[in-house]
Structure formats: structure tokens, C-alpha cells
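The values are calculated or read from the model by the stated rules, or taken from the named source; none is laboratory data. Remember, predicted model here, so these are calculated numbers, not experimental data. Note that we place each Cβ from the backbone using ideal geometry, even for glycine, and neighbour counts take in every protein chain shown.
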Amino acid sequence: MSYQVLARRWRPKTFSELVGQEHVVRALSNALDNDRLHHAYLFTGTRGVGKTTIARILAKSLNCEQGVSAEPCGECSICREVDEGRFVDLIEVDAASKTGVDDTRELLENVPYAPVRGRYKVYLIDEVHMFSGHSFNALLKTLEEPPPHVKFLLATTDPQKVPVTVLSRCLQFSLNRLPIEQIQAQFEHILKEEGIQ
């Protein structure tokens, strides 16, 4: 068995495993269970609060073979592929390294096409505030009239740098820092489960 970094092994795979961010989990769970899905979500907050993790869980919830649900099965091939970072219809982009308009146009080129395996094609754009002005304009055109099979999950540590025109087309969630007590309790839980004293 290969070694896996504790941070990766203990990264939450379901909303119920998340520590903190109850307000976000509640809102997303209600949206998923009541089929009130938005086409674009923006997760904001400082580094390490769970923006990307929540986006991945949402992508899994949208595409689970058992149906759209706030509680994906975690067992089907799609759930496993999302967890392993190899699900073909979850396109993850680090905007910090793909800031140019050509990169954005290339990314959005495949938006009109149906998902290969999933219910939705999910674009997860991390650090979206790093996009150039032209990149935001290219993204905006797609956000204005997205196909029904596409969801955009944007994450940023600096929402002030995201144009208002983009912000207005996203359902925004502000993630909070975890209180020290919650962090400590989670550390204690992990250490106990790992048999570390």
C-alpha cells in the first residue's frame, strides 16, 4: 500500500465529513435535495477554509450515479473518480497559472458539448481572481447563457478582484475561518484514528 499524506487522506469526501461551514453545507444540501440548482457558484474565503473541497463534493453530488443528492453514495465509479481526481467531466483549472484569454477560450471551447459520463460538466476554477480582464470577458459570455448541462464552481481568496458582472451571475458563499476549538477537536480525532499519541 502506498503512503498517502494525512491532509489528503483526511480531506472530507462528503458534506457530513466537513468541519465547520454549516451555513454553506445547509444551503447547498437544500439546493441539491430540492432541485434548485444555480448554474454558477462562487466560494470565497481565506486559504485552507475548504473552498475547493466543498466544490469537489458539490461536483460529486451533482454527478453521483445514484442521482443528484446532498449525500452522494461514494461507491459508484463517478464518486470514486471524483475522489481520485480523475473524473473526466470535472475540469479543474488553477487560474493563477492560466491567466491569459487564450487559455480561457480554450477551456470554454468544450462548454457546448454534452458531458462524457456525468449528468453535468463541472468547471472548477480555483483562484479565479487571477484571470485577466479579457479572460473574465470570455467567461462572462458563457456565464450569461450557460448550457443546462454545465455548472461553474469558482473559488477565490480575493473576491474584490472579480468583476461585478461576474459576481452578479454567481451564487456566492463566504466561508469562515474555523474556530481554534474545532481545529483542535479535528486534530485530536485524526490522531486518535491514526493511532498517533
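Observations on the model:
- Counting the residues of segment 155-197 that are over 30 Å from Tyr123 (Cβ atoms) and either loosely packed, with under 12 Cβ neighbours inside 10 Å or aromatic (Phe, Trp, Tyr) (or both) gives 12.
- Single condition Leu167 does not satisfy, out of (1) over 29 Å from Tyr3 (Cα atoms); (2) free of Cβ contacts under 8 Å to residues at least 12 places away in the same chain: (2)
- Hits in segment 140-164 - residues which are among the β-branched types (Val, Ile, Thr) and either in contact with a Gly (Cβ under 9 Å, 6 or more places away or on another chain) or touching a residue at least 60 places away in the same chain (Cβ under 8 Å) (or both): Val150, Thr156, Thr157, Val162
- Across segment 15-65, the qualifying residues are those that are more than 26 Å from His189 (Cα to Cα) and aliphatic (A, V, I, L, M), and the one among them that is surrounded by the most Cβ atoms within 10 Å (Cβ to Cβ) is Ala59.
- When residues of segment 66-114 are limited to those that are within 18 Å of the chain's Cα centre (by Cα) and of a type in the set (Lys, Arg), the one surrounded by the fewest Cβ atoms within 10 Å (Cβ to Cβ): Arg86
- Annotation: Val19 fulfils all but one of (1) of a type in the set (A, V, I, L, M); (2) within 23 Å of Val150 (Cβ to Cβ); (3) over 13 Å from the mean Cα position of the chain (by Cα); the unmet one is (2).
- All of (1) at positive phi; (2) at pLDDT 95 or above hold for Gly85 with one exception: (2).
- Positions within segment 137-159 being among the hydrophobic types (A, V, I, L, M, F, W, C) and closer than 23 Å to Leu58 by Cα, in sequence order: Leu139, Leu140, Leu143, Val150, Phe152, Leu153, Leu154, Ala155
- Candidates Gln186, Gln197 - the one that is touching a residue at least 60 places away in the same chain (Cβ under 8 Å) and over 30 Å from Gly118 (Cα atoms): Gln186
- Residue in segment 31-41 that is closer than 23 Å to Pro148 by Cα, modelled with pLDDT of 95 or more and in a strand (DSSP E or B) present: yes
- Hey, Val116 touching a residue at least 24 places away in the same chain (Cβ under 8 Å), out of contact with any strand residue (DSSP E or B) (no Cβ under 8 Å at 6 or more places or on another chain), closer than 29 Å to Phe131 by Cα and aliphatic (A, V, I, L, M) or not: yes
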